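Some notes on the structure that comes next.
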Amino acid sequence: MSLDDQKDQQDQGFSRRNFIKTATAAAVGTTVATHFSLPGAYAAGSDEIRVGVIGCGGRGTGAIRNVLESSKGVKIVAMGDAFKDRIEESRTRAKQKFADAVAVTDDKMFVGLDAYKQVIAVPEVNYIILATPPGFRPLHLKAAIEAGKHVFTEKPIAVDPAGVREVLALVETAKAKKLNIGTGTQRHHQAGYIETIKRIQDGAIGDIVASRCYWNQGALWNRERKQEWSDLEYQMRNWLYYTWLSGDHIVEQHIHNIDVINWVTGSHPVKATGMGGRQVRTGAEFGHIFDHFAIDFEYESGMHLMSMCRQIDGCANSVSEAVVGTKGSAQLDKYTIAGASAWARAKNDKDVDPYVQEHTDLIASIRKGEPFNELKATAESTLTAIMGRTSAYTGKAVTWDELLNSTEPTIVPADLKWGPMPTPPVAMPGQQTSL
Amino acid sequence: MIAGAPTPPGTPGAAPPQAAAATAAPAGFESYTETIPDTKVTFDMVPVKGGSFTMGSPANEAGRAEDEGPEVKATVGNFWIGAREVTWEEYDLYAFARRRRPAAGEAPSPADAVSKPTPPYADESWGFGKGKQPALGMTWHAASEYTRWLSAKTGKAYRLATEAEWEYAARAGGKTPWSAGASDAALADVAWYAKNAAGVPHPVGTKKPNAWGIYDLHGNVAEWVLDQYDAKRYASLSGQKSLINPVLLPGEARYPHVVRGGSFDDDAAALRSAARRASKPEWSRRDPQQPQSIWWHTDAIFVGFRLVRAAEEPEALKGFKSKITRESPDM
């Protein structure tokens, strides 16, 4: 986008806001918003948040509940999804619980691969929720930020280095436009994690010398194919099992744990050496992703992170993060510290749902007019997970720099159309040259 | 012979072969060990001779809550109860074992026809380990469906205990706040709770059993019972002349159901025989999906369950099954 275009859009944005201010006062009357100064303003005020949801599956519908519980003065005004049945189910469910706040009229329900454009184009929408499969994230983020909307995006924010680069370029764009971005890394809004990590960063265990993190669990859901579904539809409805859509489970799920280690160390790894495979979940209905990974990540400080993730039933499970320091150690998911400054967080019944809190924090920042942007940290954690996956897929050691600077095009197909779409081959370590 | 031959759940009125087999079995009202068919996994059931008892707590009991009163006199029939809480070893067979797909034209077996939990989104054992550890974190619906699955597997009508049966078994003939006595001094001998459990559940049956040979009724995991929770339940019962096998059958709402016995995470007062706890939507606080899972809680790592099998199933409970679906409202 050229500078002129940007300026154009900002100007449009400005006049649009004025328009809505008038329209709102006339039409809504009783709601909180009496003026409208939200997007791109960092201006304080009790402005109404008008949400457009892109991706209305289980998580998107959950996010609707979360955002509505998070703050007063929030309405859902537009919804988009690739599939009609999903979006209708989502609206019905959301309305059962929040009849008034889910004010999505039929003409603001958009279906299809371009639904995101239509949701973003709804003038009164000032807060976009992105909850589609992650493969679409860079495209949707770019469109939302360029249109001047605040964004709550689910993690991960991309599935490959090209996508991460695209998103990293948006970090400054969002700041320049004074748009706030939350990224679905809800542990950052979970009181126990925040307290524990603060203690570690304040020196409770000395310097961190080793770490480990796991997301080892059983298998996940799988949808049976319906005859009328095209290949593309089948893949999108079973998006977990296709790397271009999910990033594989190390990126889609294990990113949460990797992100915690990046958070506590305030850095990201520079190299990954890993392995993985597809041992149990081998059927065609599971696409082409792996069912287990084990990665050795190396940080610039020399600290290593042992990372494992597995989705196989009947095995030892653990979803956890731990760090070892020169003066003690910490089990982050349990909020406990051992060693010289031993500590365990007391049970606190007042703890709020972190999935709600992340919206509370984002909306509060928007209303206070304070900058809030989690995009860079989550882009780095996404790339960390991609680095692990790439190492396991190729069997090679992979560095941060070569991934970040790679010129390989995205694995997300351009110009998607409903129709045939072959399942990519399963990665064969040692035989694959591309990243 | 066992009176009231179990009707396999889900097929009210029908009398499939399993029921006939159970009826034909010689019927000592004694302890037995059940082996879950096609596996080596076993569990023990102990007989509890029915009778009358005072349910609830006196107004002066320390740590008492309002919903435990007024005390009512209730009568329960003979039943067997699980000597121990249901373990992961048992529960995994239901929740995770792959099921054989019936061949074309072949009807699924009664056990395979029982709905099965959807996959959890994380580690369902929460780092506490599996095997002989008590199964935990499942919803009331899931615990209830487990008993239906097990019934279809074994041909015996297993179910959750009614609130009255549970308290009767926990008291084991005594009247003190805990079966181990009037003060919490002896509690650590029979129970894993906040004071001695180090914040984690322990393998089942590793403390002393109560007078009737039942382990861990107090503490370890809190236990789902069959009843819906109603804070004023005892007040509504207190006017009635005779209370035989009282139970408040749940409807289609996800909450609240009754949990009994307190857990590894609770203080002594919550472990009292009379103490009642109600499930609530906060137990799935961190489930980010909508609709939330009807199988797994994200914030109730303290709850599990144990089995009961009536010697003569009360009419009201014959063929009972959970009415909860994905469409069920919270309350």
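Coordinate-derived values only; no laboratory data. Quick caveat, the model's predicted, so the values are computed rather than measured. No Cβ is skipped: glycine too gets one built from the backbone with ideal geometry, and neighbour counts run over all protein chains shown.
Just from the alpha-carbon atoms, what are the Rg and Dmax of the stretch A:174-277 in angstroms?
Values for the stretch A:174-277 (Cα only, Rg and Dmax): 18.5, 59 Å.
Just tell me how shielded B:283-289 is by partners: mean number of partner chain Cβ atoms within 10 Å of each residue's Cβ, no decimals. Numbers along the way, then the final one.
Details: counts 0, 1, 6, 7, 4, 14, 8.
The shielding value for this peptide is 6.
Sort the stretch A:173-231 into rounded, prolate or oblate with this rule: let a ≥ b ≥ c be the square roots of the eigenvalues of the Cα gyration tensor; rounded if a/c is under 1.5, and if a/c is not under 1.5, prolate when a/b is larger than b/c, oblate otherwise.
Working: a/c = 3.43, a/b = 1.55, b/c = 2.21.
Note, shape of the stretch A:173-231 comes out oblate.
Per residue of the stretch A:244-256, in order, report the coupling 6.51 cos²θ - 1.76 cosθ + 1.60 (Karplus, θ = phi - 60°) as ³J(HN,Hα) in whole Hz, putting x for Gly and Pro.
Along the stretch A:244-256, the couplings run 5, 9, 9, x, 6, 5, 5, 8, 6, 10, 5, 3, 4 Hz.
For B:Thr54, A:Thr105, what ranking results if the residue with the fewest other Cβ atoms within 10 Å of its Cβ goes first?
A:Thr105, B:Thr54
For chain B, modelled as a Gaussian network with Cα springs under 10 Å, which listed residue fluctuates most, B:Gly239, B:Gly251, B:Gly63?
B:Gly239
What net charge is computed for the residues neighbouring B:Asp44, neighbours being all others with C-beta under 9 Å from the C-beta of B:Asp44, Lys and Arg scored +1, Asp and Glu -1?
Net charge around B:Asp44: 0.
Which far-off residues, 5 or more places away or on another chain, put their amide H under 5 Å from the one on B:Leu307, with H placed in the peptide plane?
When sequence neighbours closer than 5 places are left aside, the close amide H contacts are B:Gly82, B:Val86.
Summarise the partner chain shielding of A:350-356 as one whole number: the mean count of Cβ atoms from other chains within 10 Å of each residue's Cβ.
Going residue by residue through A:350-356 and averaging, the value is 3.
Using the charge dipole of the stretch B:35-184 (Lys, Arg: +1 at Cβ; Asp, Glu: -1 at Cβ; taken about the Cα centre), state which of B:Gln133, B:Ala111, B:Ser144 has its Cα farthest towards the positive end.
The Cα lying farthest towards the positive end belongs to B:Ala111.
Mind checking which lysines have their C-alpha under 25 Å from B:Lys40, skipping anything on the same chain fewer than 8 residues away?
Within reach: B:Lys116, B:Lys130, B:Lys132, B:Lys153, B:Lys156, B:Lys207.
Suppose we look only past 14 Å in the calculated P(r) of the stretch A:228-318. What percent of the Cα-Cα pairs does that tail hold?
Percentage above 14 Å: 69.
Using the number of other C-beta atoms within 10 angstrom as an exposure proxy, rank A:Leu232, A:Leu375 with the fewest first.
Lowest to highest Cβ neighbour count: A:Leu232, A:Leu375.
Which of rounded, prolate, oblate describes the protein assembly as shown, given a ≥ b ≥ c as roots of the alpha-carbon gyration tensor eigenvalues and a/c under 1.5 marking rounded, otherwise prolate only if a/b is larger than b/c?
The shape class here is prolate.
Hey, which lysines would be in cross-link range of A:Lys226, C-alpha to C-alpha under 20 Å, not counting anything within fewer than 8 residues on its own chain?
Partners within reach: A:Lys84, A:Lys417.
Go ahead and set up a Gaussian network model of chain B, Cα springs under 10 Å, then flag whichever of B:Ser115, B:Ser279, B:Ser263 fluctuates most.
Per the Cα network of chain B with a 10 Å cutoff, B:Ser115 tops the list.
Let me know the Kirkwood hydrodynamic radius for the stretch B:212-331, please, with Cα pairs as the basis and the value in Å to one decimal.
Taking the inverse mean of 1/r over all distinct Cα pairs, the stretch B:212-331 comes out at 15.9 Å.
Running a GNM on chain A with Cα contacts under 10 Å, which residue among A:Arg223, A:Arg187, A:Arg237 ends up with the highest mean-square fluctuation?
A:Arg223
Excluding residues fewer than 8 places away in the same chain, name every one of the lysines whose C-alpha is closer than 25 Å to that of A:Lys198.
Those lysines meeting the cut-off are A:Lys155, A:Lys327, A:Lys334, A:Lys347, A:Lys350, A:Lys368, A:Lys376.
Using θ = phi - 60° and the Karplus curve 6.51 cos²θ - 1.76 cosθ + 1.60, what whole-Hz ³J(HN,Hα) does each residue of the stretch A:290-298 get, with Gly and Pro shown as x?
Calculated HN-Hα couplings, in order: 7, 10, 7, 9, 9, 10, 9, 9, 10 Hz.
What's the average, rounded to a whole number, of partner chain beta-carbon atoms within 10 Å of each residue's beta-carbon in B:125-131?
4
So who's got an amide H within less than 5 Å of the one on B:Tyr229, skipping anything under 5 residues away but keeping other chains? H placed 1.01 Å off N, in plane.
Here the answer is B:His257, B:Val258, since their amide H atoms fall under 5 Å of that of B:Tyr229.
Determine, for A:Thr243, B:Thr298, A:Thr153, the number of other Cβ atoms within 10 Å of each Cβ, and report the residues in order from fewest to most. List each step's numbers first, then the result.
On the way: A:Thr243 23, B:Thr298 20, A:Thr153 27.
Least to most surrounded, the residues fall as B:Thr298, A:Thr243, A:Thr153.
How large is ³J(HN,Hα) for each residue in the stretch A:134-146, as worked out from phi by the Karplus curve 6.51 cos²θ - 1.76 cosθ + 1.60 (θ = phi - 60°), to whole Hz, x for Gly and Pro?
Along the stretch A:134-146, the couplings run x, x, 8, 4, x, 4, 6, 4, 4, 4, 5, 5, 5 Hz.
For the protein assembly as shown, what is the percent of antiparallel DSSP beta bridges, rounded to the nearest 5?
Numbers: 60 of 93 bridges.
Bridges in the protein assembly as shown that DSSP calls antiparallel: roughly 65 percent.
Taking Cα atoms, how many degrees apart are the long axis of helix A:58-70 and the longest axis of chain A, rounded to 10 and kept between 0 and 90?
Taking Cα atoms only, the helix is inclined about 60 degrees.
Taking a ≥ b ≥ c as the square roots of the Cα gyration tensor eigenvalues, with a/c under 1.5 meaning rounded and otherwise prolate when a/b beats b/c, else oblate, which class fits the stretch A:319-435?
Oblate.
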